[in-house]
1. Tell me, what HN-Hα J-couplings in whole Hz come from the Karplus equation 6.51 cos²θ - 1.76 cosθ + 1.60 at θ = phi - 60° for each residue of the stretch 470-481, using x for Gly and Pro?
2. Under 5 Å between amide hydrogens, which residues at least 5 positions from Ile69 or on another chain qualify, with H placed 1.01 Å from N in the peptide plane?
3. Length gain on complete extension for the stretch Ala297 to Asp345, per 0.36 nm per residue less the alpha carbon to alpha carbon distance?
4. Say each of His272 and Asp418 gets a label point 7 Å from the Cα, pointing the same way as Cα to Cβ; how far apart are those two points in nm?
5. When the Karplus curve 6.51 cos²θ - 1.76 cosθ + 1.60 is applied with θ = phi - 60°, which whole-Hz ³J(HN,Hα) does each residue of the stretch 445-452 get, with x for Gly and Pro?
6. Grab the DSSP H runs of the chain that are 4 residues or longer, score each as -39,500 (n - 2.57), total them, divide by all residues and round the 222 nm result to the nearest 500 deg cm²/dmol.
7. Could you please state how large a percent of the accessible area of the stretch 278-462 is carbon and sulfur, counting protein chains only and using a 1.4 Å probe?
8. Could you name the lysines whose alpha carbon sits less than 16 Å from that of Lys285, not counting residues in the same chain fewer than 8 places away?
Amino acid sequence: MPLRICFVTAEMAPLAKAGGLADVSAALFKYLTAAGHDMRLFLPAYSSIDRKGIDIQPVEFMRHMLVKIGAQDFPYSVLTASLPGSSARFFLIDCPACFARPGIYTSEADEHRRFLLLTHAAFMSCQRMGFAPQILHCNDWHTALAPLWLRTTYHSDRLFAHTRSVLTIHNIGYQGIVSAAHGAELLAGADDSLLHQPDLHAGRINMLRTGVQYADRVTTVSPGYAREILTAEYGMGLEDDLLARGGAITGILNGVDYDDWDPRSDRYLPRHYGANQLRTKADLKQQLLARLGLRDAPRRALVGIISRLATQKGFDLLIDALPPLLASRDFNLVVLGAGEPQFEDFLAQLQQRHPGRMHFHLGYSDELAHWIEAGSDMFLMPSRYEPCGLNQLYSLRYGTVPIVRRTGGLADTVRHFDAATGTGTGVVFNDYNIEAVIWAMNTALDLYVQRGSWRRLVQNGMAQDFSWQRQIQQYSEMYQQLVQQ
Ligand code: ADP
């Protein structure tokens, strides 16, 4: 049964991407729309969006809209847009006061307000269009007030009388914790007795917690992470709220958009390869090494990393693990990323200390990311926690052996290779410590020189299928269940 879905998100690839949320929003829009659902997706019209090739049109009856947040009035307009090669249209919320900033996120004092505006604009656009969503799907802390507002601020509108809410947690590490002084903005007219916030006495309100408390269904992006966030180790203070929701929490694994990420058709690569054309992969590696100024040697592996440079991704371990590894083992390393200054500095210094063996590209580059996936032999992802993780999935498809910690979505998607039976798709380690990372790297580098085993490991990975088609089915089923409840 086709459903009416209102989807609100702070990111959508390729327009506005800081991480996995963007890939997931884009994929859900593409595949749920293709499955026949009437999906209205709302995204801020950030001034940083590259508008080249994107068809953007104003919506005549949604110009000069106005929303009051706290004491302030915010004018905004609604635009529609479609991506090249697609006729499906989504909505951009154009509010220069909120979204004309250098990037997607800021650390400015009004950060929460920017996304409150987005959330209000989604509700108000539904009202203007006379669109009665059966599902309101919000994502992460940015839009997590929507489930509360559905029961309060917008409750009296009959359009929303049968709307059920879904909150997807893409990363519980970011919760939108704001000063209780902003309470009136967050409540948007709702009674403050509805804010069940343990932090209120300390003067704080947690937006993600509010979403967890009020959403009809909470999902996260892998079954493993859905279990982990119920524990104190991973729940980041929300575990009790999640436990209180009992069976309402589901983990649906992210998929891969193989239209974008497949070495058999990759738009950035001059040549393509499948599991039986690994010679081409080796040639692409040579090209990548030359481009990065890295020296090759017989059986010298190239290890790749593409990541936000954050503690979550294991860089505090890498600070201690990479120098001894580079000193004791023969391999090349390429890192693409940006983030915390301490990690950027560390990687820049490492590059200086190991010219010709280590290349650090500071910044964001989709094109280089594809080249690293294709040209590397291994991909290192030692995350402290990982809600799903996408790069290990891309790596599998590109025949680039993932080296991952057994956590969250990494544990769900990569199986440790057993040379005796020839089964498994990567190298998996358990403990979050330096010794374990070094063990995993040594294990992978030792395997790399055993040609038969390595080939098997590479091909096992390339045979995996994490396409969205299957995962979309799970979202559809969850929506249908909710609507029927
Ligand atoms: P997270 O959302 O926690 O950052 P994910 O693995 O879920 O991690 O998604 C990260 C996405 O962002 C992947 O598609 C990855 O390729 C991409 N990415 C991260 N950093 C960069 C970068 N510096 N350049 C290009 N792509 C990047």
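The values are calculated or read from the model by the stated rules, or taken from the named source; none is laboratory data. None of these values were measured; they are calculated from a predicted model. Don't worry about glycine lacking a Cβ; one is built from the backbone with ideal geometry, like all the others, and counts go over all protein chains shown. Surface areas here come from the heavy atoms of the whole protein model, side chains and all, with no ligands, DNA or RNA. Shrake-Rupley method; radii C 1.70, N 1.55, O 1.52, S 1.80 Å.
1. Ordered by residue, 3J(HN,Hα) equals 5, 5, 4, 4, 5, 5, 4, 5, 4, 4, 4, 4 Hz.
2. Under 5 Å from the amide H of Ile69 lie the amide H atoms of Phe74, each far enough along the sequence or on another chain.
3. On the way: separation 48, 0.36 × 48 = 17.28 nm, distance 2.77 nm.
Extending this stretch completely gives an extra 14.5 nm.
4. Spacing of the two 7 Å Cα→Cβ label points: 3.6 nm.
5. So the Karplus estimates, Gly and Pro as x, are 5, 5, 5, 4, 8, 9, 3, x Hz.
6. Details: 18 runs with 182 residues, N = 485.
Helices in the chain give a 222 nm mean residue ellipticity of -11000 deg cm²/dmol.
7. Details: 3330 of 6570 Å².
Carbon with sulfur: 51 percent of the solvent-accessible area.
8. Cross-link targets: none qualify.
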